[in-house]
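The structure appears right after this line, and notes come after that.
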Amino acid sequence: MTPFAAVVFDFDGLLMDTETTLVEAWRAEWAFHGLSLDLTDTFWPGHGGDITQHRLDRLGALVGPGFDRAASHARFLAHRERLHRTLALRPGIAAWLTEARAAGLTCAVASSSPLTWVQGHLSRAGVFDTFKAVATGDEVAAHKPDPAIYRLVLDRLGLPPASAVAIEDTPHGIAAARAAGIPAVAIPNPFVKAADCAGASLVLSTAADLPLSEMLACLARTASAPPAQPR
């Protein structure tokens, strides 16, 4: 019998790999200007939320006076939307959602992105109604690693932190869950190293690594132990 009543999922990079579509769309826009995108040069923020304007600032500085900011942003959005048309749930996620439903576990989402973004993608994937509660970045004053989003979703679920488990793909998401008192499982997105997710109680390469029941049993055994090494 699992001690957990709810599984709370991050969205971007965790339920769906919108991080790769983000990178590929920016890579295409950099290439449009004859430039190569440097992912190591402050591309990723240390928090959740949108830094589109920061990236446009950086691109504009590289391109120079002829940079058309509005046109650049429009090309980026159009390219990313084309990629999203065929975007599916990350490996193993659909099976976890099915298993959770069969086991009577509640599923929820805690994302720094706005509700329209999260709902749009999950509806297109046909799973939005699977989630009993959704808390998003446009509802709180601070994004992850601040725990506000997790506290909001716990309030909506009516559960104490120890009854939930968070599934995250980044260090700042893990930090947010832990700050809210929720044990975290990491499934790093393609741009996060497993070693950087040491704050999680368990690190998997994908949700397909373990059935949900086995993952929860493993987490229950290790929640009070030191952080696990990547599988």
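Could you please let me know if Pro147 is surrounded by 18 or more Cβ atoms within 10 Å (Cβ to Cβ), within 17 Å of the chain's Cα centre (by Cα) and not aromatic (Phe, Trp, Tyr)? Break it down into steps so the answer makes sense when it comes.
Working: surrounded by 18 or more Cβ atoms within 10 Å (Cβ to Cβ): yes; within 17 Å of the chain's Cα centre (by Cα): yes; not aromatic (Phe, Trp, Tyr): yes.
Yes, satisfied.
Among the listed residues Leu39, Leu77, Leu35, which satisfies the condition of being among the aliphatic types (A, V, I, L, M), in a helix (DSSP H, G or I) and loosely packed, with under 15 Cβ neighbours inside 10 Å? Walk me through it before giving the result.
Values: Leu39 fails: in a helix (DSSP H, G or I); Leu35 fails: in a helix (DSSP H, G or I).
Sole residue among the options that is among the aliphatic types (A, V, I, L, M), in a helix (DSSP H, G or I) and loosely packed, with under 15 Cβ neighbours inside 10 Å: Leu77.
Could you say which residue among Pro188, Pro161 is buried (at least 22 other Cβ atoms within 10 Å of the Cβ), without any contact (Cβ under 8 Å) to a residue 24 or more places away in the chain and not β-branched (Val, Ile, Thr)? I'd like the intermediate steps shown before the answer.
Values: Pro161 fails: buried (at least 22 other Cβ atoms within 10 Å of the Cβ).
None of the others qualify; the one that does is Pro188.
For the stretch 26-64, give me each residue that is modelled with pLDDT of 95 or more and among the aromatic types (Phe, Trp, Tyr).
Trp26, Trp30, Phe32
Looking only at the stretch 80-117, filter to residues that are basic (Lys, Arg) and out of contact with any Phe, Trp or Tyr (no Cβ under 9 Å at 6 or more places or on another chain); which one of those is surrounded by the most Cβ atoms within 10 Å (Cβ to Cβ)? Reasoning before the result, please.
To start, the set of residues in the stretch 80-117 that are basic (Lys, Arg) comprises 80, 82, 85, 90, 101.
When the remaining residues are screened for being out of contact with any Phe, Trp or Tyr (no Cβ under 9 Å at 6 or more places or on another chain), the result is 82, 85, 90, 101.
On the way: Arg82: 13, Arg85: 7, Arg90: 20, Arg101: 12.
Checking each candidate, the answer is Arg90.
So Leu83 clears everything in (1) over 30 Å from Leu204 (Cα atoms); (2) touching an Asp or Glu at 6+ places or on another chain (Cβ under 7 Å) except one condition, right? Which one?
The one condition Leu83 does not meet is (1).
Only one of these is at pLDDT 95 or above, over 17 Å from Asp12 (Cα atoms) and either within 12 Å of the chain's Cα centre (by Cα) or surrounded by fewer than 18 Cβ atoms within 10 Å (Cβ to Cβ) (or both): Arg156, Arg178. Name it. Spell out how you get there, then give the answer.
Values: Arg178 fails: either within 12 Å of the chain's Cα centre (by Cα) or surrounded by fewer than 18 Cβ atoms within 10 Å (Cβ to Cβ) (or both).
It is Arg156.
The values are calculated or read from the model by the stated rules, or taken from the named source; none is laboratory data. Values in this document were obtained by computation on a predicted structure and should not be read as measured data. Please note: Cβ atoms are built from the backbone with ideal geometry, for glycine as well, and neighbour counts cover all protein chains shown.
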